[in-house]
Amino acid sequence: MNETLKGALYIALGACSYGILATFVKIANLEGIGTAGLAFSQYLFGALVLTLLSFMFSRNSKNIQIQTPAKNPKLKLMFFGGFLGLTSSFYYLSIQYVPVSVGIILLMQTIWMGVALEFVIARHLINSTKLIGAGVALLGTALAANVFESEVNLDLRGIGYGLLAAASYTGVMFATSKVSLELPLWIRTKYLVFGGLLVIILFWNFQIIDEFNWIVFLKWGSFLGFFGTILPPVLFNKGMPKVGTGLGSIISALEIPVSVFSAYLLLNENISFLQWLGIAIILISVILINRKSL
């Protein structure tokens, strides 16, 4: 029981860490700091620190024994790490056009996208409960995004970027659970972030030159890098083996209310009763989808 509780706490802390990111990115944007500079600073900080940590700790890490290790595991991690960079880029772009409380709801469409991906690559794992859970998630999304309130006009650009972020995040979830598991934790995390940094550079290119400076790196890059590219992956990798993916997925959904509540506190975003109801429905859908793996 103690190990299960520890694992649950690790995952809860990781979810809370992810959940506060968007609010602080929006605060930085309001201070006139560009998204390209923020994203590059975040991933540069993460890559530098993880390089140091992997050098310090990976020698004592135990590799997971895989019967048929994959070829070029580090290159595969960098490839899938590209989805990490795309997730941050699209998510940060999304919240420039929609409230943070809506942006996190769009990002968490990975709930049903994950079911869709599973249907494509492992159809035998899909059952009626998962399909119902995906449908419930869509209903909750409609409520949480204020679709039924006629006076609310959501920018289509924000919705589009949010859905692209969710699709990329689905790729990240696949990578963290399936790709190059034979490598130690610190090595896997490092190469995922390396891939994310490379995609950030390609995605934002010349905008980084215009927006990056060392003050942004020290003030915002260190904060976003620690809470976005270092702490959550480490906590999730420590917690998931202790509680299992089913319970872990449910606990990680804490990211939604944490993000919404932080936006309410720090950005004064109004959250209606219908939105809270939608968030509750989304959390119920996560439980439905993972019920048999608990």
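Read-outs throughout are calculated quantities, based only on the coordinates presented, and are distinct from any laboratory measurement. Since we're looking at a predicted model, the values are computed, not measured. In this analysis, Cβ positions are derived from the backbone assuming ideal geometry, glycine residues included, and neighbour counts consider all displayed protein chains.
Ranking 188, 157 by Cβ neighbours within 10 Å, fewest first, what do you get?
Exposure proxy ranking, most exposed first: 157, 188.
Obtain the nm distance between the two label points defined at residue 74 and residue 280 by a simple spin-label model: each point lies 7 Å from its Cα along the Cα-to-C-beta direction.
A separation of 5.1 nm, rounded to one decimal place.
Stretch residue 6-residue 270 to full length: gain in nm at 0.36 nm per residue minus the Cα-Cα span?
Roughly 91.6 nm would be gained on extension.
Which residues in segment 196-216 place their backbone N less than 17 Å from a point set 7 Å from the Cα of residue 96 along the Cα-to-Cβ direction?
From segment 196-216, the list is 200-213.
Which order, highest average first, do 271-284, 225-238 follow once you tally other Cβ atoms within 10 Å for each residue and take the mean per peptide?
Put in order of decreasing packing, that is 225-238, 271-284.
Give the calculated FRET efficiency between residue 117 and residue 218 to the nearest 0.05, with a Förster radius of 25 Å applied to their Cβ-Cβ distance.
With R0 = 25 Å, the Cβ-Cβ based efficiency is 0.05.
Going through the cross-link list 6/26; 74/242; 74/238, which pairs have a Cα-Cα distance over 22 Å in this structure?
Listed pairs above 22 Å: 6/26; 74/242.
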